[in-house]
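Structure first, commentary second.
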Amino acid sequence: MPSASENTLFGMGNPLLDISAVVDKDFLDKYGLKPNDQILAEDKHKALFAEMVQRNKVEYHAGGSTQNSVKIAQWMIQKPQKVATFFGCIGTDQFGQILKQKAEEAHVDAHYYEQSEEPTGTCAACITGDNRSLVANLAAANCYKKEKHLDLDGNWELVKKAKVYYIAGFFLTVSPDSIVKVATHASENNKIFGLNLSAPFISQFFKEPLMKVMPYVDILFGNETVSARPGGFLTEDIAEIAKKAQNLPKENAKRQRIVVFTQGKDDTVATVGDNVTVFPVLDIDQNDIVDTNGAGDAFVGGFLSALVQEHSLEECIRAGHYAANVIIRRVGCTFPEKPNYQ
């Protein structure tokens, strides 16, 4: 099997600096947070990030859905470093500097578009006991500009260098034109373009940009909560939805679309040729599960690590299941120094 080389994998998305700390109930109450929740920051939460850093011992990680996935792919591959390129927008501030450092530590070749209007996007993980309350402030992540970054010759050369492309659906709300440009390049050059449906609101409220990208999608990822809506299918049967999503119009006829839907602790469903097959996930004692938040990103990261090495679909799913199994035993989208994967 070929090994991965530098910049083989390309990801583009919303870079967030994950800031996690153990906090008390008073802190949650002050900002009106529930112990176990995921929300977007409102004006009343803006001071939360700085206060968290001042008051607590915090941990920083390079986060955001796509960046998490390429980071995990790199961790699974280990050597060479910088297998993954990542594009996204950050601010020219202290959090931006920390994010650059954390991406470097994860051996991801991050090329951020830096601007000064908005601060670097952050995601606060407020930990109380076994619970995590996530507050995301997209800020700079929303400011990505195709013409000021993706279209620049040096950056586009990095896009052209890749063989596998992956973008989480969240980026459809930021720069759909950037996604279409990358997806078209992949399709015209018979490379592999993967997209994640990410969250129910994407296919509900951003259906038009989603359906513009769909003809270029070679691998469609999703989970049980988002899979019902890529084409507004009137069925609850996940296998039938996978088949219908596979059969949506496609530009590059040389590659049959693959659809992969994870279902938490239940079997992963994937299209294999003209059939739909189920792949059991790895067994885990419920007491060993610490945090399931990064499981979806981890699955994709594991999958991509095998894909860039041209492994079979079955092997890609096996690698995805392994990565997710490791991540859910830890707080946040973090991992041990090396994978124990054969």
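The values are calculated or read from the model by the stated rules, or taken from the named source; none is laboratory data. Bear in mind the structure is a predicted one, so any value in this text is a computation, not a measurement. A quick note on method: Cβ atoms are made from the backbone with ideal geometry, for glycine too, and the neighbour counts reach across all protein chains shown. Heads up: the accessible areas ignore ligands, DNA and RNA and are worked out on the full protein's heavy atoms, side chains in. Shrake-Rupley method; radii C 1.70, N 1.55, O 1.52, S 1.80 Å.
Note on the stretch 233-283: percent of Cα-Cα distances in each 10 Å bin, starting at 0 and stopping at the bin with the largest distance, equals 25, 50, 22, 3. Dividing the summed helix terms, -39500 (n - 2.57) for each DSSP H run of n ≥ 4, by the number of residues in the chain produces a 222 nm estimate of -9500 deg cm²/dmol to the nearest 500. Just to be sure I understand the curve: with the Debye formula and one point per C-alpha of the chain, what is log10 I(q)/I(0) at q = 0.15 Å⁻¹? For the chain, the Cα-only Debye profile gives -1.32.
Using a probe of 1.4 angstrom and keeping all protein chains present, the accessible surface of the chain works out to 44 square angstrom per residue. Residue 341 contributes an accessible area of around 60 Å² to the protein surface, as traced by a 1.4 Å probe with all chains present.
Each Lys and Arg Cβ is given +1 and each Asp and Glu Cβ -1; about its Cα centre, the stretch 1-147 then shows a dipole of about 240 debye. Taking 0.36 nm per residue of sequence separation and removing the Cα-Cα distance, the residue 50/residue 142 pair yields an extension gain of 31.1 nm. The loop-placed GluC sites (Glu not before Pro) in the stretch 3-98, going by DSSP, that have at most 12 neighbouring Cβ atoms within 10 Å of their Cβ come out as 42. Of the residues 156, 75, ranked by 1.4 Å probe accessible area with the largest first, the sequence reads 156, 75.
The 1.4 Å probe gives accessible areas that order 111, 149, largest first, as 111, 149. Spacing of the modelled spin labels on residue 6 and residue 204, each 7 Å from Cα toward Cβ, amounts to 4.5 nm. With the convex hull constructed from alpha-carbon coordinates only, the stretch 121-272 shows a mean projected area of 10.6 nm² over all directions.
The accessible surface of the stretch 30-113, taken with every protein chain in place and a 1.4 Å probe, is 47 percent carbon and sulfur. Between residue 114 and residue 292, the modelled labels are 4.0 nm apart [label points 7 Å from Cα along Cα→Cβ]. Whole angstrom only: what separates the Cα centroid of the stretch 127-192 from the Cα centroid of the stretch 44-76? Centre-to-centre distance over Cα atoms comes out at 18 Å. Could you tell me what percent of the DSSP beta bridges with both partners in the chain are antiparallel, to the nearest 5? Counting only bridges with both partners in the chain, antiparallel ones make up about 35 percent. Relative contact order, whole percent, for the chain stands at 17, derived from Cα pairs under 8 Å and 6 or more residues apart. In this simple spin-label model, placing a label point 7 Å from the Cα along the Cα-to-Cβ direction at both residue 236 and residue 254 gives a separation of 4.2 nm. Charging the Cβ of each Asp and Glu at -1 and of each Lys and Arg at +1, and nothing else, the dipole of the chain about its Cα centre rounds to 520 debye.
The stretch 253-280 and the stretch 283-302 have Cα centres separated by 19 Å.
Per-residue surface analysis assigns residue 184 an accessible area of about 30 Å², computed on protein heavy atoms at 1.4 Å probe radius. For the stretch 108-208, applying the loop criterion from DSSP together with a ceiling of 10 other beta carbons within 10 Å to the GluC sites (Glu not before Pro) yields 117.
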